[in-house]
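A short write-up of the structure that comes next.
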Amino acid sequence: MSRIGKKPVNIPANVTVDIAEGNVVTVKGPKGTLTHAFHPDMILKLDGTVLTVERPDDEHLHKSLHGLTRTLLNNMVEGVEKGYAKELEVNGVGFRAEKKGTQLVMRLGFSHEVIVDEIPGISIEVPGPNKIIIHGIDKQVVGQFAAEVRGKRPPEPYKGKGIKYANEVIRRKVGKTGGKK
């Protein structure tokens, strides 16, 4: 039995969960609404404020979907209640970020400014010239958008210049040494 799959998902008082035909789950909360269609073989049961996921048998596909379905449901509930955020840091001389309207404008050592538009479901906050915070209710969308912003100038291993996650550790390399010939 999946250790994660058999854990129940506790639903807070300010969140509502609706399970429609075909395992289409809609979760509504103070931050917004998320809808996802889960595999039709998975058995979703809602008992008051507890949501449980069961599988019909021990087939390999059902075993692999069991924990995934429970985790996705938990992420949806947590997203509409609290939301998700990814924090990025911009490191480098002259590297900075700012927000103009709904656009994130970054100077990353190129001959041009790098401009990224906000997408629906995402809000960008720039509290300082070297810090970017991405907020949203869908964990997957927040992580994907943060990865795309980081991909504009990933950190390099020699000086650590570029965009990195706040909790990311850059493995540094030693540069050239001037040896004799």
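The values are calculated or read from the model by the stated rules, or taken from the named source; none is laboratory data. Predicted model only: the values in this text are computed from it and were never measured. Methodologically, a virtual Cβ is constructed for each residue, glycine included, from the backbone with ideal geometry; neighbour enumeration extends over all protein chains shown. The area values use the complete protein model at the heavy-atom level, side chains included, leaving out ligands, DNA and RNA. Shrake-Rupley method; radii C 1.70, N 1.55, O 1.52, S 1.80 Å.
A search for C-beta distances below 7 Å between a residue of segment 128-142 that is under 16 Å from residue 89 (Cβ atoms) and any residue that is loosely packed, with under 15 Cβ neighbours inside 10 Å and among the small types (Gly, Ala, Ser), counting only pairs 6+ apart in sequence or on different chains, returns 133/85; 134/85.
On the basis of being open to solvent by 60 Å² or more (accessible area, probe 1.4 Å), over 30 Å from residue 163 (Cα atoms) and among the hydrophobic types (A, V, I, L, M, F, W, C), does residue 37 make the cut? Against the criterion (open to solvent by 60 Å² or more (accessible area, probe 1.4 Å), over 30 Å from residue 163 (Cα atoms) and among the hydrophobic types (A, V, I, L, M, F, W, C)), residue 37 qualifies. Among the residues of segment 77-130, those that are touching a Pro at 6+ places or on another chain (Cβ under 8 Å), over 25 Å from residue 34 (Cβ atoms) and open to solvent by less than 70 Å² (accessible area, probe 1.4 Å) comprise 90, 91, 97, 98.
Conditions (1) more than 13 Å from residue 68 (Cα to Cα); (2) outside any strand (DSSP E or B), marked per residue:
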{"residue": "4", "(1), (2)": "no, yes"}
{"residue": "7", "(1), (2)": "no, yes"}
{"residue": "12", "(1), (2)": "yes, yes"}
{"residue": "17", "(1), (2)": "yes, no"}
{"residue": "28", "(1), (2)": "yes, no"}
{"residue": "34", "(1), (2)": "yes, no"}
{"residue": "40", "(1), (2)": "yes, yes"}
{"residue": "46", "(1), (2)": "yes, no"}
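Of all residues in segment 48-76, those that are assigned to a loop (DSSP other than H, G, I, E, B) and either in contact (Cβ under 8 Å) with a residue 60 or more places away in the chain or surrounded by 19 or more Cβ atoms within 10 Å (Cβ to Cβ) (or both) total 1.
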